[in-house]
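Worksheet: the structure to be examined is printed underneath.
The values are calculated or read from the model by the stated rules, or taken from the named source; none is laboratory data. No experiment lies behind these values; they were computed from the predicted model shown. Methodologically, a virtual Cβ is constructed for each residue, glycine included, from the backbone with ideal geometry; neighbour enumeration extends over all protein chains shown. Please note that ligands, DNA and RNA were not included when accessible areas were found on the heavy atoms of the full protein model with its side chains. Shrake-Rupley method; radii C 1.70, N 1.55, O 1.52, S 1.80 Å.
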Amino acid sequence: FQDYLPFWTTLLWELGFHVEVSPPTDRHIVDRGLETVLAETCFPVKTAHGHIKHLIDSGVDAIFLPSFVDLNSNGNTYKRGLACPYTQTTPYSAKIAFRQTRFLSPVITLSRGTAFLSKELANTFREYGVKPGDIRRALNAAQRAQTAFLHSIQEEGRRTLSEIKDKAVVIVGRAYNSFDRGMNLNLPKKLADLGMLSIPMDFLPIDREDITADWPDMYWRAGQRILSAARIIRKNPLLYPVYIGSFSCGPDSFIIKFFEEELSGKPYLHLEIDAHSADAGAITRCEAFIDSIGTTKNGNGHHADRIICKRNGTGKNILDKRTIYLPRMSDHVFAVAAAFEHCGISAEVLPESTGESTDLGRKHVSGKECYPCAVTTGDMVMKIAEPGFDPDRSAFFMPSGSGPCRFGQYNIFHRMVLRDLGLDNTPVLSPVQNEDFYKHLGNIGRAFTMRTWEGVIAVELLTKCLHETRPYEREKGSSDALYSAFLEKVYRTLAGRANGIDAVLGEALHAFKGLPVDKEVRPLIGIVGEIFVRSNKFSNEALVRTIEALGGEAYLAPVEEWLYYVNYTGRTSALSNRNWLTAAGLSFRRYFQKRTEERLAGQFTGFLKTLHEPDTADLIRLAAPYVHHSFEGETILSIGKSIDLSQRGASGIVSAMPFGCMPGTIVSGLMRGLSNDLDIPCLSIPYDGTESPTTRIQLEAFMDQARGRLLRTAAR
């Protein structure tokens, strides 16, 4: 509401509500938030919980707390302007934290137009007797109030900028960090006391600065505005930025790097503030910054390779005479490599990550990015450092995404690393996981997606065989040996010209059935969470084996659930944009995928108890009481799958995630409610590459709880 308070207060007044706005942020508000927040989120979310608690204690009838998803209206240069995951899910975490409170939480997706917004608001206020005509009239009044508010800011900005004669500071960042005096330590006043004029980023003509050509994948609205501000500041010799962020801000971990690129060497100050930040340290840093820019000559920054983020393309042409290297998230990547080989493109799966390769990756990251970014960067740099590596005959594979989590920025960051290593001409193939995903993959070769899908399903079936057999095997290592042998057979079969994957899987089934096992009662432990860490044995410290060693059987959420979900969200997006041809194509794709899965998995019926997986729509339906489907990404899959696992007999749920992962942290909070509702132990484990004995202790205690639930279930 820091940006849109005139709009929403006017709307509510026009609809006949009395509006109570929470007071300015202060220590009391912050402390209330710290007491009620469910997981270790960022400072703004903790503070938001404090504002909610204040309003509840003041006796309001309901809290108006929308899920702000997309804040770019039609006609914006960017099609999407997403809020960060924490912002989008504040209503859902609040409903768990404040169970007895009435929340009014429409989904705000401005890019879908006024009709969608009107419908959402009508549904939200129907219980109060508000009619659609009332909504339309109120929206018109609200828009007039918001336009007048923005116009006054821009007018004041034009006046201020025209009068600047000496160096000045621009306060940059998200509005709720930068312009809230309780959040920014009242820095504008402190800068004024030091003799430095500071102006808010909103005073700049941001909306007139088009940066889409250089930053096409910046899907966060705040990031779009921050990078536009950086470009304006770079061009003005009198302006210098102070970037105010919050500790552990996910989007900022990448945006700050791109911000530096835009500034092209111009100095700036970055302040990360949290609930425990003190004035003294911030003032000292401001004083040092003012001294530094005082000695800086007026002039624009310069950097020959300022912007390097344009996508390299998605077609086969960029891979001509090159070997493409794929990060080993899980063994499913061998299916992708085999599909490349089948289409005539040399492909190689990178070795499994190690401590050495990850340490190498950490030399190129700040430490604030997600852990998988450091892991994949290290794997890439490790390959580059090998003797004989030819950058002109090499390429790397790193898919992109369309938000709201950080994954879509990995490929941009990897290109920056390649540039810094002098490998500007080594491309990164990055198909975007949206409605165009299969179009991009189809450019590689006609059979590429078919071979990849068959391979993904085949590897998943082998994985299920391994996980259901290994805990009970009489001869230790026999299951692993079978799995490795048939993984190699699956790869060779898919990479070749002939079709024979059905026969290979039949052989695998016969071989696993023949392994001597001792069946014993073990608690079934579901593993959900961020797809890289939950699937990557190095990153999760061999979580499946640890659960087995502690007396459990692991049920790892399948990789294909994400691919089905990409298909589902792509089709939903195509339908909302009236792109009927794309929607029809994705519907056919889903039909083909389901038929292929049924064909390959059918022969395992009766052997694998974890064989059948729920449809994407079923997972979304299961998750609906905790998170709305408009929040896209792994959170809804993890919550839906956790409920599915509980219904299928799991005795406990583990959510594996990178440290600081935004969707993973949201899952941790929502699982507090889910665990109570379903009476099932849930454990969230954040991984960052630093082995901790605490993790083992937590798992041991968790397994005791899981065995207790198993006994209670058996007794019933």
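Okay, here's what the table says:
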| read-out | value |
| --- | --- |
| Test for ARG112: is it open to solvent by 40 Å² or more (accessible area, probe 1.4 Å), of a type in the set (Lys, Arg) and closer than 19 Å to PRO6 by Cβ | no |
| Identity of the residue in the range 1-37, over 27 Å from the mean Cα position of the chain (by Cα) and acidic (Asp, Glu), that ends up least open to solvent (accessible area, probe 1.4 Å) | ASP31 |
| Given (1) surrounded by 23 or more Cβ atoms within 10 Å (Cβ to Cβ); (2) in a helix (DSSP H, G or I); (3) charged (D, E, K, R), number of the condition GLU632 does not satisfy | (2) |
| Single condition THR41 does not satisfy, out of (1) at pLDDT 95 or above; (2) within 27 Å of CYS405 (Cβ to Cβ); (3) assigned to a loop (DSSP other than H, G, I, E, B); (4) β-branched (Val, Ile, Thr) | (1) |
| Filter result (open to solvent by less than 30 Å² (accessible area, probe 1.4 Å) and not small (Gly, Ala, Ser)) within the range 203-226 | LEU204, ILE206, ILE211, ASP214, TRP215, ASP217, MET218, TYR219, TRP220, GLN224, ILE226 |
| Test: residue in the range 533-541 that is modelled with pLDDT of 95 or more, of a type in the set (A, V, I, L, M), open to solvent by less than 20 Å² (accessible area, probe 1.4 Å) and within 31 Å of the chain's Cα centre (by Cα) | yes |
| Qualifying residue in the range 52-59 (condition: modelled with pLDDT under 95 and of a type in the set (Lys, Arg)) | no |
| Verdict on VAL528 being under 19 Å from ILE653 (Cβ atoms), open to solvent by less than 60 Å² (accessible area, probe 1.4 Å) and assigned to a strand (DSSP E or B) | yes |
| Helices (runs of 4 or more DSSP H) contained entirely in the range 173-257, each with at least 3 residues that are touching a Phe, Trp or Tyr at 6+ places or on another chain (Cβ under 9 Å) | 175-178, 221-235 |
| Residue pairs meeting the criteria (Cβ under 6 Å; at least 6 apart or on separate chains; first more than 21 Å from PRO44 (Cβ to Cβ), in the range 228-250; second buried (at least 24 other Cβ atoms within 10 Å of the Cβ) and small (Gly, Ala, Ser)) | none |
| Condition met for VAL504 (among the aliphatic types (A, V, I, L, M) and not in a loop (DSSP other than H, G, I, E, B)) | yes |
| The range 281-292 - residue that is aliphatic (A, V, I, L, M) and modelled with pLDDT under 90 and, of those, surrounded by the most Cβ atoms within 10 Å (Cβ to Cβ) | ALA282 |
| Within the range 659-676, considering residues that are part of a helix (DSSP H, G or I), touching a strand residue (DSSP E or B) at 6+ places or on another chain (Cβ under 6 Å) and touching a residue at least 60 places away in the same chain (Cβ under 8 Å), the one most open to solvent (accessible area, probe 1.4 Å) | SER668 |
| Matching residues in the range 256-290 - criterion: being free of Cβ contacts under 8 Å to residues at least 24 places away in the same chain and among the acidic types (Asp, Glu) | GLU260 |
| Total residues in the range 60-81, condition in a loop (DSSP other than H, G, I, E, B), within 24 Å of VAL627 (Cα to Cα), in contact (Cβ under 8 Å) with a residue 60 or more places away in the chain and open to solvent by less than 70 Å² (accessible area, probe 1.4 Å) | 3 |
| Only one of ARG159, ARG174, ARG136 that is within 22 Å of TYR4 (Cβ to Cβ), of a type outside the set (A, V, I, L, M, F, W, C) and open to solvent by 90 Å² or more (accessible area, probe 1.4 Å) | ARG136 |
| In the range 177-202, residue least open to solvent (accessible area, probe 1.4 Å) [restricted to those that are within 22 Å of PHE247 (Cα to Cα) and small (Gly, Ala, Ser)] | SER178 |
| Top-ranked residue of the range 351-405 - restricted to ones that are among the acidic types (Asp, Glu) and open to solvent by less than 40 Å² (accessible area, probe 1.4 Å), ranked as farthest from LEU82 (Cα to Cα) | ASP379 |
| Subset of the range 436-458 (residues that are among the hydrophobic types (A, V, I, L, M, F, W, C) and either surrounded by fewer than 18 Cβ atoms within 10 Å (Cβ to Cβ) or in a helix (DSSP H, G or I) (or both)) | PHE437, LEU441, ALA447, PHE448, MET450, TRP453, VAL456, ILE457, ALA458 |
| Cross-chain or 6+ apart pairs with Cβ under 8 Å, the range 496-519 first and within 22 Å of ILE345 (Cβ to Cβ), then at pLDDT below 95 and in a helix (DSSP H, G or I) | GLY496/HIS342; ARG497/HIS342 |
| Count - residues of the range 323-382 that are small (Gly, Ala, Ser), part of a helix (DSSP H, G or I) and closer than 30 Å to SER248 by Cβ | 5 |
| The lone exception for THR147 - which of (1) in a helix (DSSP H, G or I); (2) closer than 21 Å to TYR240 by Cβ; (3) open to solvent by less than 80 Å² (accessible area, probe 1.4 Å) it fails | (2) |
| Pair list, Cβ under 7 Å, 6 or more apart: the range 331-353 residue under 17 Å from ILE318 (Cα atoms), other residue of a type in the set (Phe, Trp, Tyr) | ALA339/PHE448; CYS343/PHE448; ALA347/PHE340; GLU348/TYR325 |
| Qualifying positions in the range 258-297 - among the acidic types (Asp, Glu), closer than 23 Å to GLY223 by Cα and not in a loop (DSSP other than H, G, I, E, B) | GLU260, GLU261, GLU262, GLU272 |
